[in-house]
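These notes are about the structure you will find just below.
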Ligand code: DX5
Ligand code: ZN
């Protein structure tokens, strides 16, 4: 069984409270929080995501899975760690050098969160390998980061397979999370490729029955 992290990026603001409740009832494993700064990617979701985190941490026990699509990683680790997320993930492409990557890893651990590193579809896996012993998960982007509701880029599937192979060959325990354009019709191939956590936004939000969709994504 894989875990499901529901992206709340595309939740309609008018119905947010009801939708977040319905996701919780549907037994999602995490709320996936897409933090965009208007610099690393065009959109800016900072205020909205701070508001959602504040609300969720007061009413829900479902763990938060924070995905930072930001340039100033250090500041946002600090501003989102107050919500005690289970996972904080940053983008490898946001770092200037190895020292900065290691500093961010340490800072996330000091805040008692699990550490994830994400790569965009065009970033090579090899750039990540040296960090795997220090982190808990890799977030493989299956679309270009920046917006919800895009179509999954097929070429990212072999990347997941190769990453899984590398993790097994090196006896690592790193989890693989996949994010972007994921829905029931392509979930199976991602699970076969080695995904441990599926992020899904519109795939769940546009479905009739959240509970049924989440259940089928998991098996
Ligand atoms: C893209 C985000 C994803 C995405 C998920 O930048 O990181 O989390 O919005 O939403 P769907 O499942 O709708 O592609
Ligand atoms: Zn995301």
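From least to most packed, judged by other beta carbons within 10 angstrom and beginning with the fewest, 72, 34 follow the order 72, 34. Each helix, a run of at least 4 DSSP H residues, gives -39500 (n - 2.57); summed and divided by the residues of the chain, these come to -11500 deg cm²/dmol at 222 nm. GNM on the chain, alpha-carbon springs under 10 angstrom: the most fluctuating residue among 201, 38, 181 is 38.
Return the equivalent ellipsoid semi-axes of the chain as a descending list in whole Å, where each equals the square root of 5 times an eigenvalue of the C-alpha gyration tensor. If you can, show how the numbers build up before the last one.
Details: eigenvalues 117, 91, 48 Å².
Its equivalent ellipsoid spans semi-axes of 24, 21, 15 Å.
Of 37, 209, 47, 179, the sequence from fewest to most neighbouring Cβ atoms within 10 angstrom is 47, 209, 37, 179.
Sorted ascending by nearby beta carbons within 10 Å, beginning with the fewest, 32, 91 become 91, 32. Calculation over all alpha carbon pairs of segment 48-103 in 10 angstrom steps from 0 returns a P(r) of 22, 51, 21, 5 percent.
Build a GNM of the chain with springs between Cα atoms under 10 Å apart, and of 107, 152, 172 the one that fluctuates most is 172.
A short reminder: the numbers here are calculations on the coordinates, not readings from a lab. All values reported here derive from a predicted model rather than from experimental measurement. Cβ atoms come from the backbone with ideal geometry, glycine included; neighbour counts cover every protein chain shown.
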